[in-house]
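Enquirer: Input: one structure, supplied below.
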Amino acid sequence: MKVIIASALLLVGSCATLRHSEKIVNLKESIKYENEAIVSEYLSTINTSDLKIHVEEVASDKYNGRKTGEDGHNKVCDYIRTYYQSQNIFAPKSHPNYYQKVPKEVLPDNLNDSQNIIAYIEGREFPNEYIYIAAHSDHEGIINGEIYNGADDNGSGTAAVLEMAEAFSKAKREGNGPKRSIVFLHVTAEEVGLYGSKYYTNNPVFPLENTIATLNIDMIGRVDTRHEEDDKYIYVIGADRMSTELHYITEKANKTFTNLELDYTFNDSGDVNRYYYRSDHYNFALKGVPVIFFFNGEHEDYTQPTDTAEKINYSLLAQRTKLIFSTAWYLANSQKRLSVKII
């Protein structure tokens, strides 16, 4: 009798595993780009020279390390805002100067008032559904007389958002605008504890219940010691925490367009670094929004004054930016809204 019961349980377990496997196969097969050639056309506009211009500007000495609430950070925010204006990418109607004030009362360490920057492209079919592409714009400021330029942290992410915004704007001008709205969000006060994104998610300009996903970019311009022999990688964190589909969309984007190694080491729930909780996507996740954190890992210049623009690997930065763009393109243009479900 015991043998019979054991065999039956084994059979049930095998069937359950098969059903799960079939669901995964069906899900992966359902993820298809409507027109890969069009995606490739706009991917080609993301280039190393433009990325370099943005990183060198954002990480230049004149901004004094972009500390939250200080003049250097305010001025780099003006640079970002002016760029959106030059690309005819609009501010929200409720915040026509692109700025969401983050008052000093919600910031630590006696910091001054600061601001998040918000720009967006309205969707042509589902304008009330939103994809966020986010990066923090602040850094450490000046410490002991040394400027902490933050070229990788997070000049690289800032540049990537600006390049993707330009590509999506070009697509819209040429009649290929996204079906869903895309929000380009540059948050402040990440370095002092994710306060800018916390303020935004507590005071959202666009309703979070209508947000499909947030793609957060924080350090994607360098290589860590784990990948010195093969630098064609990116850490992907959080994609499968709320949506199995989101995980496989990124895999499909990568397989179709970029062929990087997607490293899930830091996505492990037992990872001692706890990166999932340490950048701005986490405040969106707390509100139930599916997220992905794109990250290159720590390196010798992490949070040091030596994190400067000439050390950025611009070809790798471009390739990683293309991965994020193609992921966002799918999310923004699929006929069916992302499924917030774990299979």
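Enquirer: Going by the structure shown, is S279 open to solvent by less than 10 Å² (accessible area, probe 1.4 Å) and among the hydroxyl-bearing types (S, T, Y)?
Expert: On the way: open to solvent by less than 10 Å² (accessible area, probe 1.4 Å): yes; among the hydroxyl-bearing types (S, T, Y): yes.
Yes, satisfied.
Enquirer: Residue check: is A328 within 20 Å of V223 (Cα to Cα) and open to solvent by less than 30 Å² (accessible area, probe 1.4 Å)?
Expert: Values: within 20 Å of V223 (Cα to Cα): no; open to solvent by less than 30 Å² (accessible area, probe 1.4 Å): yes.
Judged against the criteria, A328 is not a match.
Enquirer: Please determine whether any residue of region 163-172 is more than 18 Å from A213 (Cα to Cα) and among the hydroxyl-bearing types (S, T, Y).
Expert: Going residue by residue through region 163-172, those that are more than 18 Å from A213 (Cα to Cα) are 163, 166-167, 169-172.
Applying the additional criterion that residues be among the hydroxyl-bearing types (S, T, Y) yields 169.
Yes; the residues of region 163-172 include at least one that is more than 18 Å from A213 (Cα to Cα) and among the hydroxyl-bearing types (S, T, Y).
Enquirer: Scanning for something open to solvent by 10 Å² or more (accessible area, probe 1.4 Å), within 19 Å of I142 (Cα to Cα), touching a residue at least 60 places away in the same chain (Cβ under 8 Å) and not in a loop (DSSP other than H, G, I, E, B), does region 301-309 turn up at least one residue?
Expert: Taking region 301-309 and keeping what is open to solvent by 10 Å² or more (accessible area, probe 1.4 Å), we get 302-306, 308-309.
Now restrict to residues that are within 19 Å of I142 (Cα to Cα): 302-306, 308-309.
Keeping just the survivors that are touching a residue at least 60 places away in the same chain (Cβ under 8 Å) gives 302-305, 308-309.
Still in the list and also not in a loop (DSSP other than H, G, I, E, B): 309.
There is at least one residue in region 301-309 that is open to solvent by 10 Å² or more (accessible area, probe 1.4 Å), within 19 Å of I142 (Cα to Cα), touching a residue at least 60 places away in the same chain (Cβ under 8 Å) and not in a loop (DSSP other than H, G, I, E, B).
Enquirer: Output yes when any residue across region 188-211 is at pLDDT 95 or above, surrounded by 24 or more Cβ atoms within 10 Å (Cβ to Cβ), assigned to a strand (DSSP E or B) and of a type in the set (A, V, I, L, M), and no when none is.
Expert: Within region 188-211, not a single residue is at pLDDT 95 or above, surrounded by 24 or more Cβ atoms within 10 Å (Cβ to Cβ), assigned to a strand (DSSP E or B) and of a type in the set (A, V, I, L, M).
Enquirer: Okay, moving on. Taking V236, is it open to solvent by less than 20 Å² (accessible area, probe 1.4 Å), at pLDDT 95 or above, touching a helix residue (DSSP H, G or I) at 6+ places or on another chain (Cβ under 8 Å) and part of a strand (DSSP E or B)? If you could, list the steps in order and put the result at the bottom.
Expert: Details: open to solvent by less than 20 Å² (accessible area, probe 1.4 Å): yes; at pLDDT 95 or above: yes; touching a helix residue (DSSP H, G or I) at 6+ places or on another chain (Cβ under 8 Å): yes; part of a strand (DSSP E or B): yes.
It is true that V236 is open to solvent by less than 20 Å² (accessible area, probe 1.4 Å), at pLDDT 95 or above, touching a helix residue (DSSP H, G or I) at 6+ places or on another chain (Cβ under 8 Å) and part of a strand (DSSP E or B).
Enquirer: Could you list all residues from region 209-235 that are in contact (Cβ under 8 Å) with a residue 40 or more places away in the chain and under 16 Å from D301 (Cα atoms)?
Expert: Hits for region 209-235 are D218, M219, I220, G221, R222, V223, D224, T225, R226, H227.
Enquirer: With the structure loaded, tell me whether V289 is of a type outside the set (D, E), surrounded by 19 or more Cβ atoms within 10 Å (Cβ to Cβ) and in a loop (DSSP other than H, G, I, E, B) or whether it fails that test.
Expert: Details: of a type outside the set (D, E): yes; surrounded by 19 or more Cβ atoms within 10 Å (Cβ to Cβ): yes; in a loop (DSSP other than H, G, I, E, B): yes.
Yes: the conditions hold for V289.
Enquirer: Another question, then. Go through region 85-112 residue by residue and tally those that are within 22 Å of the chain's Cα centre (by Cα), hydroxyl-bearing (S, T, Y) and closer than 26 Å to E174 by Cβ.
Expert: Looking only at that region, the number is 1.
Enquirer: Consider V340 carefully, then state whether it is out of contact with any Cys (no Cβ under 8 Å at 6 or more places or on another chain), closer than 22 Å to E245 by Cβ, part of a loop (DSSP other than H, G, I, E, B) and open to solvent by less than 20 Å² (accessible area, probe 1.4 Å).
Expert: no
The values are calculated or read from the model by the stated rules, or taken from the named source; none is laboratory data. In this text, all values refer to a predicted model and were calculated from it rather than measured experimentally. Cβ atoms come from the backbone with ideal geometry, glycine included; neighbour counts cover every protein chain shown. For the accessible areas, the whole protein counts, side chains as well, though only heavy atoms, and no ligand, DNA or RNA atoms are used. Shrake-Rupley method; radii C 1.70, N 1.55, O 1.52, S 1.80 Å.
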